[in-house]
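Please read the structure below before turning to the comments.
The values are calculated or read from the model by the stated rules, or taken from the named source; none is laboratory data. For clarity, every value in this text was computed on a predicted model and none was experimentally measured. Positions of Cβ are generated from backbone atoms using ideal geometry, with glycine treated the same way; all protein chains shown enter the neighbour counts. When the accessible area is computed, the model is the full protein with side chains, heavy atoms only, and any ligands, DNA or RNA have been set aside. Shrake-Rupley method; radii C 1.70, N 1.55, O 1.52, S 1.80 Å.
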Amino acid sequence: MSGASAKSGRPWLAIPVGSFVGKFGLVLALLVLTVAFSVALPQSFPTVGNAVTIITSQSVLLFLALAATMPLISGDFDLSIAQTMTFTAVLLAVLTSHLHVAIWLAILIALLVAIAIGVVNGVLIVTLKLNAFVTTLGMMTLLTGLGYALTNYSVVFGMPGGVLALSRNQILGLPQIVYFGWALLLVMWYLYEFTPYGRHLRFTGENARRARLAGVRIGALRFSAFVAAAAISGLAGVMFAGQTGAVDPTVGPQYLLPPYAAAFLGTTTIQIGRFNAWGTLVALYVLAVGVTGLELFGAPTWVAEVFDGAALIAAIAFARAVGSRYEPEEVQ
């Protein structure tokens, strides 16, 4: 009778603890870090103001991290996302502050330019079959130069109130940019997990040959991933311009590593071995909590780069370790 009770009366006892910890280990790490820093820094870390600062500071990075997952899921790599964001922000700032173009027209132009960048990437990489890493590195450099040309290496000030309001208006104590980022997260989660497009995109990344034999249009999917990544990066640029109120054309490199650290670290949780929206969010907040806690302890500012770099290396090592378990077999 006790055996039957154990089997039928308490089915939760049958849940493999090791599997749960493996799947949600990063979530647990986020909780442990939060508790540890709260205990160690009771006056500064566990405050509403600090929580709002952490969440808000990651808003633009969330856009970029989700943008990075699009090509990554399809088996590609886009190094130009951070500079696409920066160039879009620079263009928007110049259009509104210097040329006095109407706000919504300037936003539309900036987003169309971002989409055009994605189209160029797609043509070069998918159609002309150039190496994605090298091509997007070249695009990143090209956009850097164009940004300097538009601004003459100067910070562009004087963003109009409408652009500022788009990112800064408060809802329940958080700026709108936070909610836009979370809304995008939900869209990407639904896209990846519940649509044929998302399944085909992942199928393409896991085994392009098998996907092609199954009738999946892998070229169109890869092309769309680059366009979508650029469009999301452009949207991040609009949000960034509104959040900061002034655009520095030199900030792009600062926004390249953290999104990829979050995307790769996100493969260690929720859906092990796969790029996924929720894992990316958790990873982003783990990195933010870790860096913030260390800085409140008095660590120098370079600790952020060290922390993000170490996390990226650890995530890639983990992906390598579980690769034989989670990667599909190649078709010969």
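Before moving on, here are some points about what is shown:
- When the range 158-185 is filtered for residues that are over 21 Å from Leu256 (Cα atoms), open to solvent by 70 Å² or more (accessible area, probe 1.4 Å) and touching a helix residue (DSSP H, G or I) at 6+ places or on another chain (Cβ under 7 Å), the ones remaining, listed by number, are Arg168, Asn169, Ile171.
- Scanning the range 37-74 for residues that are touching a residue at least 12 places away in the same chain (Cβ under 8 Å), more than 30 Å from Val187 (Cα to Cα) and among the polar types (S, T, N, Q) gives a single hit, Ser44.
- Evaluated against (1) part of a loop (DSSP other than H, G, I, E, B); (2) open to solvent by less than 40 Å² (accessible area, probe 1.4 Å); (3) among the hydroxyl-bearing types (Ser, Thr, Tyr), Tyr153 falls short on exactly one condition, (2).
- Qualifying residues in the range 19-66 (those that are buried (at least 16 other Cβ atoms within 10 Å of the Cβ) and not in a helix (DSSP H, G or I)) - the one modelled with the highest pLDDT: Gln58
- Those helices (runs of 4 or more DSSP H) lying entirely in the range 199-316 with at least 3 residues in contact (Cβ under 8 Å) with a residue 24 or more places away in the chain, open to solvent by 60 Å² or more (accessible area, probe 1.4 Å) and more than 20 Å from Leu61 (Cβ to Cβ): 208-213
One line per residue, one yes/no per condition, for (1) open to solvent by 60 Å² or more (accessible area, probe 1.4 Å); (2) under 21 Å from Asp248 (Cα atoms); (3) at pLDDT 90 or above; (4) outside any helix (DSSP H, G or I):
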| site | (1), (2), (3), (4) |
| --- | --- |
| Trp104 | yes, no, yes, no |
| Ile107 | no, yes, yes, no |
| Ala110 | no, yes, yes, no |
| Leu124 | no, no, yes, no |
| Thr144 | no, yes, yes, no |
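Quick grid of which residues meet (1) more than 23 Å from Tyr192 (Cβ to Cβ); (2) under 24 Å from the mean Cα position of the chain (by Cα); (3) assigned to a helix (DSSP H, G or I):
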{"residue": "Gly75", "(1), (2), (3)": "no, yes, no"}
{"residue": "Gln83", "(1), (2), (3)": "yes, yes, yes"}
{"residue": "Thr96", "(1), (2), (3)": "yes, no, yes"}
{"residue": "Gly138", "(1), (2), (3)": "yes, yes, yes"}
{"residue": "Ala149", "(1), (2), (3)": "yes, no, yes"}
{"residue": "Gly162", "(1), (2), (3)": "yes, no, yes"}
